[in-house]
Amino acid sequence: MPPLHLLSGGAAKGLVSALQARFLAQTGLAIEGSFNAVGMMRDQLLAGAPCDVVILTDALITQLTDSGHVVAGSARPLGVVKTGIAVKDGAATPLLDNEAQLRQALLSASAVYFPDPVKATAGIHFMNVLKQLGIDVALGDRLHPCPNGAAAMQALSQAGEPGAIGCTQVTEIIFAPGVQLVAALPKAFELATVYTAAVCSRAVQPQAAATLIELLTSEEAAGLRSAGGFEPAAR
């Protein structure tokens, strides 16, 4: 039986992985998932990549519904994901309660790892935060953009510089080995993104796609969503 094809923002990778065995037992189908920056995943979908289920920001799912690329009425929110700051396991954790502490933490960093500032939700936001703080130029060659959040956290975990820091979606930090979540960005710089799953209009297995979405958003998976960094979306 062919696998279920999934295109997803990196924020949902940990949750999908945690439920993969349950889905296989329930349907007999494996999940073939691609996880990357949401802009890149949207581009792959539009380019015709195989897709049964797509998980992106709610705003992008709305656009894709309007354009007919996802099935109207199939979208279900997984929850809200915030953007946070990470350090290597065992490293000192900076204070991040306010603007001054965030600026100091970033200016004190020996290197800063973050996702693609053009196609990744967290990367776009983080670059805007640096500009708002007026430190994007000062950080200069200490800035290390990566293809996506998972790549940024892997690079941070392997960083040789003591005092390196990273920023991406909280969900990606929690599931990344070798790094630890310090805190979400301070309220004034918060990014809280609703991630939503929907059935692709050209799904080969639309019923199985709907089953996976039901599992991901089910009450029984609420604990996994919470542990993985998803907060309940406002109804």
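The values are calculated or read from the model by the stated rules, or taken from the named source; none is laboratory data. What you see is a predicted model; the values in this text were computed from it and never measured. For neighbour counting, all protein chains shown are included, and Cβ atoms are generated from backbone atoms with ideal geometry for every residue, glycine included.
Structure data summary
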| quantity | calculated |
| --- | --- |
| Among residues of the stretch 141-156, those that are buried (at least 16 other Cβ atoms within 10 Å of the Cβ) and either charged (D, E, K, R) or outside the structural domain of GLU99 (by TED's automatic domain parsing) (or both), counted | 1 |
| Lone qualifier among VAL112, VAL71 - being in the same structural domain as ARG142 (by TED's automatic domain parsing), in contact with a strand residue (DSSP E or B) (Cβ under 6 Å, 6 or more places away or on another chain), within 28 Å of GLN44 (Cβ to Cβ) and touching a residue at least 12 places away in the same chain (Cβ under 8 Å) | VAL112 |
| Residues of the stretch 28-68 classified as in a helix (DSSP H, G or I) and either out of contact with any strand residue (DSSP E or B) (no Cβ under 6 Å at 6 or more places or on another chain) or of a type outside the set (A, V, I, L, M, F, W, C) (or both), total | 13 |
| Residue match in the stretch 125-140 (condition: in contact with a Leu (Cβ under 7 Å, 6 or more places away or on another chain), closer than 19 Å to LEU56 by Cα, assigned to a helix (DSSP H, G or I) and not assigned by TED's automatic domain parsing to the domain that holds THR62) | yes |
| Hey, LEU106 surrounded by 20 or more Cβ atoms within 10 Å (Cβ to Cβ) and over 21 Å from ALA155 (Cα atoms) or not | no |
| Members of the stretch 213-226 that are of a type in the set (A, V, I, L, M, F, W, C) and surrounded by 14 or more Cβ atoms within 10 Å (Cβ to Cβ) | ILE213, LEU215, LEU216, ALA221, LEU224 |
| Residue count, the stretch 39-61 (criterion: crowded, with 19+ Cβ neighbours inside 10 Å and within 21 Å of ALA221 (Cβ to Cβ)) | 7 |
